[in-house]
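What follows is a set of notes on a single structure, which appears directly below.
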Amino acid sequence: MDRTVDATRTDLDPRTPVVDERPLTRVQATPWLLVILLLAAVAWLGWRAFFYQEEGDPVGSAMLAFEKQNSLNVFSSRFEVVAESEDTRGVLGIDLLKSRQATIIPADVTYRLDLANMDRDAFDWDAGSETLSVVLPPLRISRPNLDEARARVFTEGNWVTANAQRDLSKNNSLQAERKAAVFAKNPEVLALARQAAKDAIRQNLAIPLQVAGYGDVKVNVRFEGEKPGQ
């Protein structure tokens, strides 16, 4: 005689609490999944805002990087300037007091690039070789900053009046500033500043373009009036 076994439990007390034996892994993972999705959304929005170009335009990315920097200090030169002045004081047209002063003054000059006003004509993109060519505007040279607190002063004269001392110092300061401005345009110093500018621009463009997804881009930089490769 066959027996049929009823698997349904009918002997449970209705008051007995029912325990949900489903795994808790899915419930616990939900908050972490939301955090991951939120971080991914923030990263995507940041990339889209700063690096993404709908048309895949490296020139647009380069111009955006320049606009954010606006101006870039690329080189600083510190040197010493020697200035000499003479002063003569007299009575009734007769020169009685003569004095001379020599001053050695440290000076600083900064070289910078104005990047914000560079237009699209300054950039050229060669997709075949993945090369971005950039033509830079002329360097801007700051007014010499004289460190007169560290100046060394040598004065000659039997009797140097206060007025003579003041005039000698004033003349030497003006003379030192003019000489420093001339020295700042020395071809050798300018060559160092231009090379530093080119290196800085390559570094400031190559890395952002790589981050923007343009790969290992080559950046060629030259100044207005220079031939390619100089």
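Just so you know, all these numbers are worked out from the coordinates, no wet-lab data involved. Here the structure is a predicted model, which is why all the values come from computation and not from measurement. Please note: Cβ atoms are built from the backbone with ideal geometry, for glycine as well, and neighbour counts cover all protein chains shown.
Across the stretch 101-163, the mean sequence separation of Cα contacts (distance under 8 Å, 6 or more residues apart), normalised by length, yields a relative contact order of 52 percent. Label positions at ARG178 and ASP108, each projected 7 Å from the Cα along the C-beta direction, are separated by 2.6 nm. Length gained on full extension, THR161 to LEU192: 6.8 nm, using 0.36 nm per residue less the C-alpha separation.
Cross-link pairs exceeding 29 Å between alpha carbons, from the set LYS179/LYS227; LYS185/LYS227; LYS98/LYS179: LYS179/LYS227. Per-residue extension of 0.36 nm, minus the Cα-Cα distance of LEU64 and ASP124, leaves a gain of 20.1 nm for this segment.
A simple spin-label model places pseudo-atoms 7 Å from Cα toward Cβ; at ASN145 and ASN73 they are separated by 0.6 nm. For the stretch 70-170, a/c is not less than 1.5, where a ≥ b ≥ c are the root eigenvalues of the C-alpha gyration tensor, and a/b tops b/c. That puts it in the prolate class.
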